Amino acid sequence: MNRASANRMPLLSGALSIVIVAMIVVTVIMLARQPEFAFDPERLPFSRQASAHASTPQNELTRRFDQAVYMLHAKQYDHAVTALHRVIQLSPRMPEAYVNMGYALLGLERYHAAHDFFKTASDLDPYQANAYWGLAITFEHSGDLKAALGAMRIYIHLAKANDPFVRRARSALWEWETQLARGPLPENEKEFIDRGTRQWEERNLPRHDTATAQ
């Protein structure tokens, strides 16, 4: 190795380190920008069973409720809304129906309407924990993080000891508290993050992974 090459090696190593750190920073920023509670029926605590005290006719009620749960799993939110409208007609005071309607509306990105259904569920049954999770999501999307914190704290308070969603709920509390303490990003910092994110996305589009025809 000649002297010129030896002198270039530390420079190349330093440049490579800077590139790697920059890629890590942009990746972390992109992950942080993703909504923590984007609707995913496999990761949200919607009700999976109808109330035992639901009104008659029980057979149709149970069938419609089960259909709605299936549609939520399948992300067929319009069909879930249709089934749940019928459930509410049959049993207008069943909080689980209103909770699931709220989650179906979240899937349709109708956050204001979803909030109303979650609120009705919590009014019908103040111990309906998953209604408060839903309220927290709608508050987050409206930008009211203080209200989101309050609703999620109620969820944690009401959750059972073995509830698998409590860990995510505590993670949400930490995230929202951090955002409130930090405050809004300055415009120049926000612009830098957006620009870096766009560049990262452009470099990693699927077409860059496709073999080039020879």
Based on the inverse mean of 1/r over its pairs of different Cα atoms, what is the Kirkwood hydrodynamic radius of segment 58-182, in Å? 14.8 Å
Want the number for H79 to R182: 0.36 nm per residue separation, take away the alpha-carbon distance, what's left? 33.0 nm
Extending each Cα 7 Å along its Cβ direction at E60 and A147, get the distance between those two points in nm, one decimal. 3.6 nm
Per residue convex hull volume, Cα only, segment 118-165, in Å³ is 61 Å³
Please work out the FRET efficiency for the pair Q89 and D125, using the Cβ-Cβ distance as r and a Förster radius of 25 Å; give the result to the nearest 0.05. 0.85
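Values quoted throughout were computed directly from the atomic coordinates according to the rules given, and no laboratory measurement underlies them. The structure presented is a predicted model; accordingly, all values stated were derived computationally and were not measured. For neighbour counting, all protein chains shown are included, and Cβ atoms are generated from backbone atoms with ideal geometry for every residue, glycine included.
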